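Below is one structure, written out as structure tokens; the observations come after it.
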Amino acid sequence: MNIVLATLHVRSSAQAVPLAAACLAAALPEDLRRQTQLLDLFPGEDDEQMLTAILAGRPELVAFPLYLWNRHRVLTLARSLRQRRPELFLLAGGPEATTDPEGVMTEGELDAVIRGEGEITFRDLLAARDQGIEPAGLAGLTLRTAAGVVAGPERETVAQLDDLPSPWLTGILTPTAGSGVLWETSRGCPFACDFCYDARGGHGVRPLSAERLQAELDLFVRAGVSQIWVLDSTFNFPPERGRELLRLLARKAPHIHFHLEAKADYLDRETARLLARLSCSVQIGLQSARPEVLRSLHRALDPDLFARQLRLLAAEGVTFGIDLIYGLPGDDYQGFCRSLTFALQLAPNHLDIFPLAVLPGTPLHRHREDFAIESGGAAPYLLRRSASWSERDMGRSRQLAAAVDLFYNLGRAVGFFAALLKGAGTEPVPFLEGFTDWLLNEKRIEEQRFLAIDAWRPDEVRQLQEDYIGHLLRRERRESLLPAALDLLRYHFHYAETLLGAETLPAPPATLAGLNPWTTRWRTAPTVRLVRFAYEVLDLLEMGEPDLERFTALFRPVGSVALFVRRGAEVVCESLEEDFLKLLEGSDGSRSPQEIFAGSLSRALGEEIVAFAVAEGLLVPGE
């Protein structure tokens with residue numbers, strides 16, 4: 001029985017790992033595993049390409065994981081498969097299939113839908129088909145039969161997750177050097193927020209054993225993966241479980257970058273210190289800074305505690321982000337603005353802002369009439385309006401969220417945002433609202449272009465930031481602060497770009513063999529950044545907490561050029577002396593150091609400078 005498990009991912013990225021499909025395959029007997037193919041599909045492919053890829057496996061059964069982002073496209077593909085190959089058995093599972101099994105079945109012309117946790121149901125379904133038995137009434141399965149659609153009883157979740165084979169240890173998924181992996185460390189959620197789907201159908205958290213986690217982590221380390229997304233909605237609950245996980249990561253894989261999700265209430269100084277030993281980023285769900293809003297949705301918040309716990313992370317230098325939601329019942333635009341101000345004052349490295357999705361299967365969806373909620377009836381089920389949210393305010397919030405994404409997130413503004421606000425004499429929300437108004441009305445950027453965040457390049461965002469800062473400071477008659485403000489912005493931009501870019505390494509000895517450093521035509525390595533500043537960049541770095549007014553009062557704009565390179569996980573930024581700068585700027589592959597310096601300094605000193613630049617990987621042989 002040839003089986004194709006086809007996953008349509010959000011986009012092509014390091015996170016595009018077909019984990020759900022792999023878990024289904026891992027649960028099968030060995031003979032069926034060998035007959036199962038995992039297929040990755042991406043939105044950039046047209047339907048015909050996808051159909052061709054699916055049918056190339058000559059399947060008898062095709063199964064799809066269904067999510068908010070892929071439901072419509074996947075079920076369109078399923079209908080096309082039904083038309084081309086009527087005999088195919090078509091199956092879907094996942095959150096969308098679980099909450100709307102009969103709707104999904106009708107929309108996609110499917111034969112069956114798996115509800116809830118799928119491994120055992122999928123295994124039992126295939127066993128029944130292999131024996132020629134119609135699996136009507138199978139727990140966790142909704143099946144189309146000659147007599148109509150039959151829904152089996154709900155299936156109990158697997159109590160011990162270790163009883164389910166690992167998709168990694170079975171070889172269904174194979175980690176590779178430099179890749180990213182999705183790593184499931186538990187299932188379930190200890191909380192029951194009315195708007196969230198995570199805890200549906202489960203009670204508490206079911207963790208995987210330390211032995212299983214260690215074996216999988218050992219595999220990832222041997223393979224040389226570069227980053228791991230830890231799939232655990234609250235890794236630090238209970239706190240000791242979180243600390244044990246962090247100790248394991250620090251002991252086994254301190255060089256791998258980990259992405260984690262935590263709840264602020266359960267952070268403590270020890271956890272913060274353990275996180276600081278890792279290369280990691282931690283995402284913290286705030287959703288709203290208004291306790292009364294969250295209380296009505298069965299979510300608790302103590303704003304003072306939240307702020308104190310996040311300051312523990314900041315004190316240890318841990319990279320962290322905050323999540324916010326606009327459109328929550330009982331909240332409004334002004335309340336969202338207060339939440340945004342609260343979050344930005346904590347200086348997160350990243351701020352993710354989402355519109356409320358009224359997800360089927362959640363308590364909020366069941367009680368939506370209590371809040372006069374009107375939302376999309378199809379995925380992604382976004383709120384349109386409610387008793388406290390007009391369509392206009394949802395639109396304003398969407399624009400404000402885009403401004404945060406563009407200026408703060410893509411613009412890498414965490415290191416200079418507070419200084420910029422103070423220098424301009426404004427607060428976060430008026431600043432960002434002004435940025436939005438300036439973009440749409442003065443720069444004449446179409447709203448559709450503004451909201452398409454993924455389409456903006458970092459250099460485009462930096463130019464927008466520079467232009468807006470200039471506009472704002474001139475309007476406030478504080479243009480004397482502009483050179484320092486632009487220096488601060490440029491430093492953080494180039495620091496981030498260097499950190500995300502390739503490491504600067506010396507050329508291989510074989511490449512340099514036989515070359516005369518003085519007469520060879522060199523070029524500056526493509527990983528090297530040379531950046532001009534109005535002030536001496538070292539003065540900027542020595543200021544500590546930046547303050548534009550104080551800085552401009554203490555220092556004169558004498559100008560400097562800084563060198564940015566990455567060494568391992570560190571960024572080196574150095575102010576260049578005139579001769580060194582002359583060499584690096586002049587090395588374009590067309591002239592040798594002898595020609596660049598042309599008698600402006602002694603050959604002995606010139607050769608010393610060149611030798612250092614080559615040894616550091618700053619210069620490579622010209623083409």
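The values are calculated or read from the model by the stated rules, or taken from the named source; none is laboratory data. All values reported here derive from a predicted model rather than from experimental measurement. Here the Cβ positions follow ideal geometry from the backbone for every residue, glycine too, while neighbour counts run over all protein chains shown.
Can you spot a residue in the range 271-290 that is surrounded by fewer than 19 Cβ atoms within 10 Å (Cβ to Cβ), in contact with a Pro (Cβ under 7 Å, 6 or more places away or on another chain), under 22 Å from residue 189 (Cβ atoms) and not polar (S, T, N, Q)?
Looking through the range 271-290, none of the residues is surrounded by fewer than 19 Cβ atoms within 10 Å (Cβ to Cβ), in contact with a Pro (Cβ under 7 Å, 6 or more places away or on another chain), under 22 Å from residue 189 (Cβ atoms) and not polar (S, T, N, Q).
Does residue 402 qualify as being assigned to a helix (DSSP H, G or I), under 21 Å from the mean Cα position of the chain (by Cα), assigned by TED's automatic domain parsing to the domain that holds residue 196 and of a type in the set (Gly, Ala, Ser)?
For residue 402, the condition - assigned to a helix (DSSP H, G or I), under 21 Å from the mean Cα position of the chain (by Cα), assigned by TED's automatic domain parsing to the domain that holds residue 196 and of a type in the set (Gly, Ala, Ser) - is not met.
When you look at residue 88, is it crowded, with 16+ Cβ neighbours inside 10 Å and either in contact with a Pro (Cβ under 6 Å, 6 or more places away or on another chain) or not assigned by TED's automatic domain parsing to the domain that holds residue 364 (or both), yes or no?
yes
Just wondering, is there one or more residues in the range 156-170 that are in a loop (DSSP other than H, G, I, E, B), in contact (Cβ under 8 Å) with a residue 40 or more places away in the chain, within 23 Å of residue 75 (Cβ to Cβ) and not assigned by TED's automatic domain parsing to the domain that holds residue 233?
no
Quick grid of which residues meet (1) more than 20 Å from residue 36 (Cα to Cα); (2) out of contact with any Cys (no Cβ under 6 Å at 6 or more places or on another chain):
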| residue | (1), (2) |
| --- | --- |
| 113 | no, yes |
| 122 | no, yes |
| 139 | yes, yes |
| 143 | yes, yes |
| 157 | yes, yes |
| 175 | no, yes |
| 190 | yes, yes |
| 198 | yes, no |
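Could you please find all residues in the range 389-436 being of a type in the set (Val, Ile, Thr) and under 22 Å from residue 335 (Cα atoms)?
Let us first name the residues in the range 389-436 that are of a type in the set (Val, Ile, Thr), namely 404, 414, 426, 429, 436.
Scanning the range 389-436 gives 404, 426, 429, 436.
Does residue 260 satisfy the criteria of being touching a Phe, Trp or Tyr at 6+ places or on another chain (Cβ under 9 Å) and aliphatic (A, V, I, L, M)? Even if it seems obvious, please write down each step before you answer.
On the way: touching a Phe, Trp or Tyr at 6+ places or on another chain (Cβ under 9 Å): yes; aliphatic (A, V, I, L, M): yes.
Yes.
Take residue 310 and decide whether it is among the aliphatic types (A, V, I, L, M), touching a strand residue (DSSP E or B) at 6+ places or on another chain (Cβ under 9 Å) and under 22 Å from residue 364 (Cα atoms).
Judged against the criteria, residue 310 is not a match.
Farther than 23 Å from residue 357 by Cβ, buried (at least 16 other Cβ atoms within 10 Å of the Cβ), modelled with pLDDT of 95 or more and touching a Ser or Thr at 6+ places or on another chain (Cβ under 7 Å): is that true of residue 112 in this structure?
yes
Residue-by-condition table, conditions (1) among the hydroxyl-bearing types (Ser, Thr, Tyr); (2) surrounded by 15 or more Cβ atoms within 10 Å (Cβ to Cβ); (3) at pLDDT below 95; (4) in the same structural domain as residue 295 (by TED's automatic domain parsing):
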{"residue": "182", "(1), (2), (3), (4)": "no, yes, no, yes"}
{"residue": "191", "(1), (2), (3), (4)": "no, yes, yes, yes"}
{"residue": "195", "(1), (2), (3), (4)": "no, yes, yes, yes"}
{"residue": "209", "(1), (2), (3), (4)": "yes, no, no, yes"}
{"residue": "214", "(1), (2), (3), (4)": "no, no, no, yes"}
{"residue": "248", "(1), (2), (3), (4)": "no, yes, no, yes"}
{"residue": "254", "(1), (2), (3), (4)": "no, no, yes, yes"}
{"residue": "262", "(1), (2), (3), (4)": "no, yes, no, yes"}
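Considering only the range 297-345, how many residues are assigned to a loop (DSSP other than H, G, I, E, B) and surrounded by fewer than 17 Cβ atoms within 10 Å (Cβ to Cβ)?
Counting residues in the range 297-345 that are assigned to a loop (DSSP other than H, G, I, E, B) and surrounded by fewer than 17 Cβ atoms within 10 Å (Cβ to Cβ) gives 5.
Could you please find all residues in the range 492-531 being β-branched (Val, Ile, Thr) and in a loop (DSSP other than H, G, I, E, B)?
Result: 504, 519, 520, 527, 528.
Being over 27 Å from residue 500 (Cα atoms) and charged (D, E, K, R) is the filter here; which residues of the range 572-622 pass it?
Correct list: 578, 579, 591, 595, 603, 607, 608.
State whether one or more residues within the range 524-535 are over 30 Å from residue 584 (Cβ atoms), loosely packed, with under 13 Cβ neighbours inside 10 Å, charged (D, E, K, R) and at pLDDT 95 or above.
no
Since residue 583 meets every condition but one in (1) at pLDDT below 95; (2) more than 27 Å from residue 416 (Cα to Cα), which condition does it not meet?
(1)
Cβ contacts < 9 Å: first residue under 14 Å from residue 511 (Cα atoms), restricted to the range 600-623; second residue among the aromatic types (Phe, Trp, Tyr), any location; separation 6+ or different chain. Result?
Cβ pairs passing all conditions: 614/522; 619/522; 620/522; 621/522; 622/522.
Give, as residue ranges, the helices (runs of 4 or more DSSP H) completely inside the range 10-99 that count at least 1 residues that are at negative phi and within 26 Å of the chain's Cα centre (by Cα). Steps first, answer last, please.
On the way: elements: 19-26, 30-33, 47-56, 71-84, 95-99.
Per the criteria, 19-26, 47-56, 71-84, 95-99.
Inspect the range 71-80 for any residue being in contact with a Ser or Thr (Cβ under 7 Å, 6 or more places away or on another chain) and touching a residue at least 12 places away in the same chain (Cβ under 8 Å) and give the result as yes or no.
no
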